[in-house]
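First up is the structure itself, then whatever we jot down about it.
The values are calculated or read from the model by the stated rules, or taken from the named source; none is laboratory data. The model shown is predicted, which means the values in this text are computed figures rather than measured ones. Every residue, glycine as well, gets a Cβ built from its backbone with ideal geometry; the counts of neighbours run over all protein chains shown. Heavy atoms of the whole protein, side chains included, go into the accessibility calculation; ligands, DNA and RNA do not. Shrake-Rupley method; radii C 1.70, N 1.55, O 1.52, S 1.80 Å.
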Amino acid sequence: MAQIAGLLVDIDGVLHIDGEPIPGAPEAFHALVQAGIPLVLLSNTTLRSRRELGTLLRGLGFPVNDEQIVTAARVAAEFVRTRYPGQPCYVLVEGSGIEEFADLPQTDGPEARVVVIGGAGECFTYARLNHAFRLLLNGAAFVAMHKGLSWQRRDGLSLDAGAFILGLEAATGVTAHVVGKPSLDFFRIGLAQLGLPASKAVAMVGDRLQDDILPAQALGLTGILVQTGAYRPHTVSSEQPDVVLPSFAALPAWLRTGTA
């Protein structure tokens, strides 16, 4: 039997894809809750606020409360709030993740001193990206909610904000401070919320080797890679996860038996 005292779990591609639950994932989540295993959900999603994400997951059958969810948007807002207090921000993000910045001064003008970029979407027009480019050239700080290059939607793998962030970094010479995965600090926030120290007794469950599994392993956690969402066979290379499971649905059985 696998001795796991707590779980950090990615959301997109692990529990659901674009609002469609992974088959068997809600039932597996229920089983883990019934077994008394504490879970914290770590997500780079910026399309949804924590409130909206909690509502979505409960609607899909996952017994989760909002306090169990840590999102890159929420952490980014807290980072800006503490690192750049009172500084006007230019926030480029699609969806309700912008709610997390409601109490921060925001502007679309040239006076912005912090550029914050979240998940890509229709708002990523040339004009808006060019505005961010000029702000960075004029000395604004650069904060990225994450640096993911792609994400899985129901209609296929799609381009994400990381591609635009890399372009802005190359064009301006300004390196973005990344608050979401694979930042080790993001995992440490999850561990603090879980109330457990970093150890093999805590497992990270994700669909991305580079963003989910390897950073967790660097902190000493058990890395569990699921073959759903953004997983592609070629992503498993010389750097290996501790465990590979077909999906989140297989997790309770693995915890009971120690075999995939």
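Every residue, every condition in (1) touching a Pro at 6+ places or on another chain (Cβ under 9 Å); (2) open to solvent by 30 Å² or more (accessible area, probe 1.4 Å); (3) among the hydroxyl-bearing types (Ser, Thr, Tyr); (4) modelled with pLDDT of 90 or more, yes or no:
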{"position": "ALA198", "(1), (2), (3), (4)": "no, yes, no, yes"}
{"position": "ARG208", "(1), (2), (3), (4)": "yes, yes, no, yes"}
{"position": "HIS234", "(1), (2), (3), (4)": "no, yes, no, no"}
{"position": "GLN240", "(1), (2), (3), (4)": "no, yes, no, no"}
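Among the listed residues THR107, THR82, identify the single one that is closer than 21 Å to HIS177 by Cβ, open to solvent by 10 Å² or more (accessible area, probe 1.4 Å) and in contact with a Pro (Cβ under 8 Å, 6 or more places away or on another chain). Show your work before the answer.
Numbers: THR82 fails: in contact with a Pro (Cβ under 8 Å, 6 or more places away or on another chain).
Residue meeting the stated conditions: THR107.
Scan ALA171, ALA144 and give me the residue that is at pLDDT 95 or above and either crowded, with 21+ Cβ neighbours inside 10 Å or among the hydroxyl-bearing types (Ser, Thr, Tyr) (or both).
Details: ALA171 fails: either crowded, with 21+ Cβ neighbours inside 10 Å or among the hydroxyl-bearing types (Ser, Thr, Tyr) (or both).
Being at pLDDT 95 or above and either crowded, with 21+ Cβ neighbours inside 10 Å or among the hydroxyl-bearing types (Ser, Thr, Tyr) (or both) holds for just one of ALA171, ALA144, which is ALA144.
If the Cβ limit is 7 Å and pairs must be 6+ apart or interchain, which residue in the stretch 180-192 that is in a loop (DSSP other than H, G, I, E, B) pairs with which residue that is open to solvent by 60 Å² or more (accessible area, probe 1.4 Å)?
Partner pairs satisfying both residue conditions: PRO182/GLN210.
Among GLY119, GLY162, which is open to solvent by less than 10 Å² (accessible area, probe 1.4 Å) and out of contact with any helix residue (DSSP H, G or I) (no Cβ under 9 Å at 6 or more places or on another chain)?
Checking each option against the conditions leaves just GLY162.
Kindly indicate whether any position in the stretch 120-133 is more than 22 Å from ARG208 (Cβ to Cβ) and part of a strand (DSSP E or B).
Step one: of the stretch 120-133, the residues more than 22 Å from ARG208 (Cβ to Cβ) are 122-123, 125-133.
If we keep only those that are part of a strand (DSSP E or B) too, we end up with none.
Among the residues of the stretch 120-133, not one is more than 22 Å from ARG208 (Cβ to Cβ) and part of a strand (DSSP E or B), which makes the answer no.
Scan the stretch 43-59 and give yes if some residue there is among the small types (Gly, Ala, Ser), over 21 Å from SER158 (Cβ atoms) and part of a helix (DSSP H, G or I), otherwise no.
yes
Quick check: is even one residue across the stretch 201-222 over 19 Å from SER43 (Cβ atoms), touching a residue at least 60 places away in the same chain (Cβ under 8 Å), of a type in the set (Gly, Ala, Ser) and part of a loop (DSSP other than H, G, I, E, B)?
yes
May I ask you to verify whether ALA203 is modelled with pLDDT of 95 or more and open to solvent by less than 30 Å² (accessible area, probe 1.4 Å)?
Taking the combined requirement at face value, the residue satisfies it.
ALA112 - would you say it is open to solvent by less than 20 Å² (accessible area, probe 1.4 Å) and assigned to a loop (DSSP other than H, G, I, E, B)?
Considered against the rule, which asks whether it is open to solvent by less than 20 Å² (accessible area, probe 1.4 Å) and assigned to a loop (DSSP other than H, G, I, E, B), ALA112 comes out as yes.
If only one of ALA5, ALA76 is out of contact with any helix residue (DSSP H, G or I) (no Cβ under 6 Å at 6 or more places or on another chain), under 22 Å from ILE189 (Cβ atoms) and crowded, with 24+ Cβ neighbours inside 10 Å, which one is it?
Numbers: ALA5 fails: crowded, with 24+ Cβ neighbours inside 10 Å.
From the options ALA5, ALA76, the qualifying one is ALA76.
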